[in-house]
Amino acid sequence: MSERPPKPYGAGTPHGTGGVRALSHVAIAVREADPLVETLVAALGARRGDEELLDDGGLRVVFVHLGPLTLELLEPRRADHTVARFLESRGPGLHHVSLEVDDLPGSLARVKAAGVRLIDEAPRPGAHGSQVAFLHPKSLGGVLVELCEARREP
Ligand code: CO
């Protein structure tokens, strides 16, 4: 009797549909992920997480868990990958900040209506079966932002 009905989809996010639930991860572009993983484990007590190949094998992604923070190390495997070009022009460093949302299409519509430039007009596949879309850093203080909707467990 005291049990409340489940909230409608997206209702738990601030400011209604399209809001951000949590920091998903911070992504760092590197030429080689393994040495950085080893440093993070030895120096900061990080825990190595999963890894996978994305973009038809063009990008190796290694997750590292550091307290409440998840880092996503991006190691390009092809010279023409966007992360390879990023390394070429800027060197290793912060690549993007990923924000978890409940309703990626709704979030994209909201972001677009607010005048933010989109890199991805529509969601595309990310790591762990997620859907992601990138927002243009020119609209967001110079930081590349990824919106990420986690795969829903069936
Ligand atoms: Co990411």
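The values are calculated or read from the model by the stated rules, or taken from the named source; none is laboratory data. Computed from a predicted structure; not experimentally measured. Cβ: placed from backbone, ideal geometry, glycine included. Neighbour counts: every protein chain shown.
Quick notes on this structure:
- The residue of the stretch 102-154 that is farthest from Asp55 (Cα to Cα), among those that are in contact (Cβ under 8 Å) with a residue 12 or more places away in the chain and basic (Lys, Arg), is Arg110.
- The lone exception for Leu54 - which of (1) surrounded by 11 or more Cβ atoms within 10 Å (Cβ to Cβ); (2) at pLDDT 95 or above it fails: (2)
- Out of Leu74, Leu69, one residue alone is buried (at least 20 other Cβ atoms within 10 Å of the Cβ) and either more than 27 Å from Leu40 (Cβ to Cβ) or out of contact with any Cys (no Cβ under 8 Å at 6 or more places or on another chain) (or both). It is Leu74.
- Residue identified as farther than 19 Å from Ser24 by Cβ and within 16 Å of the chain's Cα centre (by Cα) among Leu69, Leu74, Leu53: Leu53
- Number of the condition not met by Arg21 [criteria: (1) at pLDDT below 95; (2) over 21 Å from Pro105 (Cα atoms); (3) assigned to a strand (DSSP E or B)]: (2)
- Restricting the stretch 57-66 to residues that are more than 19 Å from Asp120 (Cβ to Cβ) and touching a helix residue (DSSP H, G or I) at 6+ places or on another chain (Cβ under 9 Å), the residue that is farthest from the ligand (Cβ to nearest atom): Leu66
- Scanning the stretch 23-56 for residues that are within 16 Å of the ligand (Cβ to nearest atom), free of Cβ contacts under 8 Å to residues at least 40 places away in the same chain and farther than 25 Å from Arg78 by Cβ yields no hits at all.
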